[in-house]
Amino acid sequence: MNFTDKQVFDDKDLICRDCGQSFVFSSGEQEFFSLRGLINEPKRCSNCRVVARVQRSDKPSKQIAEVACADCAAMTKVPFQPTGVRPVYCANCLRERKRRGELTAVD
């Protein structure tokens, strides 16, 4: 594929295999997957991916905290206990902030 053949992606609604909730597989995520040669769509929502990652790492589940995103106020699970010093973002808001270059090394 050359630069003039840019593939266009549309947001897709998927169902999480763990919690059964609908989640959006955004066009940006699809582009990310495509650029890295990943062909399978995600099977879990971002919250269930956090839980699965923690379970695989043998960390105690009490390290998982459910907090409101500092941008959109959506409830999200994170693999640490926030201290309140820095804002916590959901996966979508964090990805968007990184894309816009709004996060620094200390954020």
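Quick notes on this one:
- Set against the 2.2 N^0.38 Å expectation for a compact globular protein, the chain has a Cα radius of gyration ratio of 1.20.
- Angstrom value of the Kirkwood radius, inverse mean 1/r, which spans all Cα pairs in segment 21-77: 13.2
- Unit charges on C-beta of K, R, D, E only; dipole of the chain, Debye: 440
- Per-peptide average of other Cβ atoms within 10 Å, ordering 46-55, 72-81, 10-19 highest first: 46-55, 72-81, 10-19
- Sequentially through segment 45-52, phi angles give Karplus couplings (6.51, -1.76, 1.60; θ = phi - 60°) of 6, 4, 5, 5, 5, 4, 4, 4 Hz, Gly and Pro residues having no value and appearing as x.
Each reported figure results from applying straightforward, stated rules to the coordinates on display, with no laboratory input. The model shown is predicted, which means the values in this text are computed figures rather than measured ones. Glycine also receives a Cβ, built like all others from the backbone with ideal geometry; neighbour counts cover every protein chain displayed.
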